[in-house]
Amino acid sequence: MLAARARSWTAKTLALRADPRRAAHEVGRACRRGGKSARSRERCGDRRALSRLVERTPLIIAVGAKVAAGHKIRESEQVMSAGAAAMNMLNAVHLLGYGGMWVTGLNAYDPKINALLGFEAPSQLVGFLAVGTPRPTPKDAPKPTRPPRAEHTAEWMG
Ligand SMILES: Cc1cc2nc3c(=O)[nH]c(=O)nc-3n(C[C@H](O)[C@H](O)[C@H](O)COP(=O)(O)O)c2cc1C
């Protein structure tokens, strides 16, 4: 077994316990700096979606990788370390009895939002963990289906 030397030292987390008005203001500012192109207008819509999520979610943890360019640990590994830290945080959230969901869809790849939260390239956000208290699952709720294990695993026999 290989010794695991890559620790998640690259992960930096920010708890977004937003004052909704401040979040909306900051997001609006980042939005206006983006210019008037169609792409930028589309991104503004996305940024407002982030500020709405911040408003209605008790806690959002933004997880990002502080990437050191040219380091002997390659960049993909630095980013994966932050991803592993995010997953461990999500497990801890569930262990504590809360509910959490990892989302990237909302601006995790938007350079302006990355910069706003302190992750200028090559550093980058790996995602947002939306955390709250889950509603009890109704007894008749459909069980999530999983693909058969054989579809995504294989055994290498040499
Ligand atoms: C890296 C990553 C990014 C994700 N981004 C989104 C997202 O933007 N929107 C979304 O609805 N689900 C997203 N998901 C999926 C949810 O976090 C969750 O895994 C999914 O709802 C399935 O949950 P389940 O496997 O417990 O049923 C993402 C998952 C991962 C691992």
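The values are calculated or read from the model by the stated rules, or taken from the named source; none is laboratory data. Note that this is a predicted model, so its numbers are computed, not measured. Using ideal geometry, Cβ is built from the backbone for each residue, glycine included, and neighbour counts are taken over all protein chains shown.
Summary table
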| quantity | calculated |
| --- | --- |
| Top-ranked residue in region 62-77 [being at pLDDT 90 or above and within 16 Å of the ligand (Cβ to nearest atom); ranked as farthest from K12 (Cα to Cα)] | S76 |
| Subset of region 102-154 [at pLDDT 90 or above and on the phi > 0 side of the Ramachandran plot] | G127 |
| All positions within region 109-158 that are among the polar types (S, T, N, Q), in a loop (DSSP other than H, G, I, E, B) and within 19 Å of the chain's Cα centre (by Cα) | S123, T133 |
| Qualifying positions in region 100-120 - away from the ligand (no atom under 12 Å from the Cβ) and not hydrophobic (A, V, I, L, M, F, W, C) | D110, P111, K112, N114, G118, E120 |
| Any hit, region 149-156, residues being more than 15 Å from the ligand (Cβ to nearest atom) and closer than 18 Å to K12 by Cα | no |
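Quick grid of which residues meet (1) surrounded by 14 or more Cβ atoms within 10 Å (Cβ to Cβ); (2) within 13 Å of the ligand (Cβ to nearest atom):
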position	(1), (2)
A85	yes, yes
Y98	yes, no
P122	yes, no
R135	no, no
